[in-house]
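Student: Questions regarding the structure given below will be posed in turn.
The values are calculated or read from the model by the stated rules, or taken from the named source; none is laboratory data. As the structure is a computational prediction, the values presented were derived from the model and not from experiment. Glycine gets a Cβ as well: all are built from the backbone with ideal geometry, and neighbour counts include every protein chain shown.
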Amino acid sequence: MDMVDNGIGVNKKRVPLIFLFSMAISLLSCSSSLQNEQLRFGIRAAQKDLWNEAIFRWQKVLRSSPNSAAAHNNLAVAYEKKGLLEEAKKEYEIALKLSPENTRIKSNYQSFKEYYSPVKKENDKEN
Amino acid sequence: MIKKISFAFLVVLALHFSCTSFDYQKINVELPGIATLDIDQFQEIVISDFLVEKETKDFDINQELIDSFSTELSKHFLGKISTKEMSWEEKDIFHKEDFWKSFVPDQEEALILTGSVQYSEEIRKAILEDHSSISERHYPTKKGLAQRKFYTLILNLYLIKAKTGEVFYTRDFKESKGYKNPKQTAIFAFFDLIETVKGKFLQNVVGKKKLAQRYLISE
């Protein structure tokens with residue numbers, strides 16, 4: 001016997017399955033919100049000038065989500081702040097590779113490149 | 001039953017989207033300057049006249065550059081800052097070591113700051129149109145002309161060792177800025193642009209810190 005609801009044609013047996021599937025998707029999204037909480041914690045630390053704490057939080061995000069463009073971008077800003085330019089450049093490039101259309105990351109990287117334009121020394125031209 | 005399922009589904013959707021929204025925070029960051037040059041090994045910086053490739057109408061750009069760099073360097077450089085006049089009979093002498101070795105012959109431990117400058121003004125126009133839909137328009141379509149004054153400063157800077165005449169540092173700057181105000185004067189625009197140039201120059205030369213804006217992102 002078909003378990004069909006009134007006039008809609010929905011099989012009642014499948015309804016819980018659909019519901020469970022939707023819940024699973026939401027739980028997955030919300031588990032990434034725990035990492036998002038770490039991202040936000042890092043941002044709050046950075047706003048208070050606690051850059052070592054911010055770096056710790058964002059590195060923590062990357063341990064479980066190595067493809068987090070946000071964490072790579074934020075780490076790049078932190079490394080810039082600390083004068084670690086090679087590390088900053090590396091993180092910006094990874095962030096852009098992961099999220100090439102993100103205008104904020106592009107803006108950060110553009111400003112970074114402009115500010116730290118390499119110094120030309122005449123002697124270097126011969127090397 | 002259908003209402004309960006729909007409600008539950010909506011709750012699930014809301015949870016899903018609330019967990020995946022993007023957020024950006026703009027933050028002011030004081031960035032450290034990275035001094036890539038050791039200018040403290042020199043006892044003096046001599047600022048020469050600049051090669052002005054295009055004369056400015058309302059002000060003496062050469063003198064403004066000399067005053068600007070003189071003031072700024074004196075805040076960061078421990079040695080003496082001086083100036084020396086120069087006539088630019090030849091334009092392409094930045095790499096002529098013999099010339100620069102004899103420029104300040106009594107000051108072997110000096111660094112010479114020189115360069116070339118171009119400053120230009122242009123007016124850019126754009127047509128404005130009202131793109132609101134016909135149903136939203138209560139007035140006839142507006143068309144107008146927007147006008148901006150754009151100023152561009154091109155400055156090629158050189159630091160040259162007085163003892164050997166060799167170029168110690170060189171960098172090319174090109175800064176532009178547009179202004180809505182039609183009465184914006186060339187000299188005030190120049191002050192805006194030279195501040196940007198000085199910031200970048202000093203960041204390399206003396207490691208001057210700079211306040212910058214960056215975006216921090218949460219997913």
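Student: Can you tell me which residues in the range B:41-84 are part of a strand (DSSP E or B), touching a residue at least 60 places away in the same chain (Cβ under 8 Å) and more than 22 Å from the chain's Cα centre (by Cα)?
Tutor: Correct list: B:Glu44, B:Ile45, B:Val46.
Student: List pairs: first residue in the range A:65-89 and surrounded by fewer than 24 Cβ atoms within 10 Å (Cβ to Cβ), second residue part of a loop (DSSP other than H, G, I, E, B) and not charged (D, E, K, R) anywhere in the structure, Cβ distance under 7 angstrom, at least six positions apart or on different chains.
Tutor: Filtered contacts from the range A:65-89: A:Ala69/A:Ser99; A:Ala69/A:Asn102; A:Gly83/B:Pro32; A:Gly83/B:Ile34; A:Leu85/A:Tyr116; A:Leu85/B:Ile34.
Student: Looking at B:Glu72, B:Glu122, B:Glu64, B:Glu109 in this structure, which one is closer than 30 Å to A:Ala78 by Cβ and away from chain A (no Cβ under 14 Å)?
Tutor: Values: B:Glu122 fails: closer than 30 Å to A:Ala78 by Cβ; B:Glu64 fails: closer than 30 Å to A:Ala78 by Cβ; B:Glu109 fails: closer than 30 Å to A:Ala78 by Cβ.
After applying the criteria, what remains is B:Glu72.
Student: Take the residues in the range B:85-106 that are more than 14 Å from chain A (Cβ to nearest Cβ) and either touching a residue at least 40 places away in the same chain (Cβ under 8 Å) or polar (S, T, N, Q) (or both); name whichever of them is surrounded by the fewest Cβ atoms within 10 Å (Cβ to Cβ).
Tutor: Among residues in the range B:85-106 that are more than 14 Å from chain A (Cβ to nearest Cβ) and either touching a residue at least 40 places away in the same chain (Cβ under 8 Å) or polar (S, T, N, Q) (or both), the one surrounded by the fewest Cβ atoms within 10 Å (Cβ to Cβ) is B:Ser87.
Student: Something else now. Restrict the check to the range A:1-19 and report whether at least one residue is at pLDDT below 75, polar (S, T, N, Q) and either outside any helix (DSSP H, G or I) or under 26 Å from the mean Cα position of the chain (by Cα) (or both).
Tutor: Within the range A:1-19 (the criterion being at pLDDT below 75, polar (S, T, N, Q) and either outside any helix (DSSP H, G or I) or under 26 Å from the mean Cα position of the chain (by Cα) (or both)), the answer is yes, since at least one residue qualifies.
Student: Of the residues that make up the range B:69-78, is at least one basic (Lys, Arg) and surrounded by 12 or more Cβ atoms within 10 Å (Cβ to Cβ)?
Tutor: Narrowing the range B:69-78 to residues basic (Lys, Arg): B:75.
So of that shortlist, the ones also surrounded by 12 or more Cβ atoms within 10 Å (Cβ to Cβ) come out as none.
No.
Student: Return yes when B:Thr36 is surrounded by 14 or more Cβ atoms within 10 Å (Cβ to Cβ), more than 18 Å from B:Thr170 (Cα to Cα) and either modelled with pLDDT of 90 or more or not aromatic (Phe, Trp, Tyr) (or both) and no when it is not. Break it down stepwise before answering.
Tutor: On the way: surrounded by 14 or more Cβ atoms within 10 Å (Cβ to Cβ): yes; more than 18 Å from B:Thr170 (Cα to Cα): no; either modelled with pLDDT of 90 or more or not aromatic (Phe, Trp, Tyr) (or both): yes.
Considered against the rule, which asks whether it is surrounded by 14 or more Cβ atoms within 10 Å (Cβ to Cβ), more than 18 Å from B:Thr170 (Cα to Cα) and either modelled with pLDDT of 90 or more or not aromatic (Phe, Trp, Tyr) (or both), B:Thr36 comes out as no.
Student: Is there a residue in the range B:95-115 that is farther than 30 Å from B:Lys180 by Cβ, assigned to a loop (DSSP other than H, G, I, E, B) and among the basic types (Lys, Arg)? Spell out the reasoning first.
Tutor: Step one: filter the range B:95-115 for residues farther than 30 Å from B:Lys180 by Cβ, giving B:95-115.
Cutting the leftovers down to assigned to a loop (DSSP other than H, G, I, E, B) gives us B:95-96, B:102-109.
Narrowing further to those that are among the basic types (Lys, Arg): B:96.
Yes: one or more hits.
Student: For the range B:187-204, which residues satisfy the criterion of being in contact with a helix residue (DSSP H, G or I) (Cβ under 6 Å, 6 or more places away or on another chain) and of a type in the set (A, V, I, L, M)?
Tutor: Taking the range B:187-204 and keeping what is in contact with a helix residue (DSSP H, G or I) (Cβ under 6 Å, 6 or more places away or on another chain), we get B:194, B:198.
Once the filter is applied, which keeps residues that are in contact with a helix residue (DSSP H, G or I) (Cβ under 6 Å, 6 or more places away or on another chain) and of a type in the set (A, V, I, L, M), the range B:187-204 yields only B:Ile194.
Student: Taking only the range B:24-36 into account, find how many residues are more than 7 Å from chain A (Cβ to nearest Cβ) and aliphatic (A, V, I, L, M).
Tutor: At the first step, the residues of the range B:24-36 found to be more than 7 Å from chain A (Cβ to nearest Cβ) are B:26, B:28, B:30, B:33, B:35.
Add one more test, that the residue is aliphatic (A, V, I, L, M), and what stays is B:35.
Number of matching residues: 1.
Student: While we're looking at this one, here's another question. With the checklist (1) part of a helix (DSSP H, G or I); (2) modelled with pLDDT under 75 in hand, flag the one item A:Glu53 doesn't pass.
Tutor: Result: A:Glu53 fails condition (2) only.
Student: Considering the range B:163-187 alone, what residues qualify as being free of Cβ contacts under 8 Å to residues at least 40 places away in the same chain and in contact with a Leu (Cβ under 7 Å, 6 or more places away or on another chain)? Give the steps one after another, and end with the answer.
Tutor: Of the residues in the range B:163-187, the ones free of Cβ contacts under 8 Å to residues at least 40 places away in the same chain are B:171-177, B:179-184.
Of everything in the range B:163-187, those that are free of Cβ contacts under 8 Å to residues at least 40 places away in the same chain and in contact with a Leu (Cβ under 7 Å, 6 or more places away or on another chain) turn out to be B:Arg171, B:Phe173, B:Glu175, B:Lys177.
Student: (1) modelled with pLDDT of 95 or more; (2) part of a loop (DSSP other than H, G, I, E, B); (3) within 9 Å of another protein chain (Cβ to nearest Cβ): which one isn't true of A:Pro66, the others all being true?
Tutor: For A:Pro66, the exception is condition (3).
Student: Would it be correct to say that B:Gln184 is of a type in the set (S, T, N, Q) and closer than 21 Å to B:Thr114 by Cα? Show your work before the answer.
Tutor: Working: of a type in the set (S, T, N, Q): yes; closer than 21 Å to B:Thr114 by Cα: no.
The answer is no for B:Gln184.
Student: Moving on to the next point. Given the structure, is B:Val167 within 14 Å of chain A (Cβ to nearest Cβ), modelled with pLDDT of 90 or more and touching a His at 6+ places or on another chain (Cβ under 9 Å)?
Tutor: Yes, satisfied.
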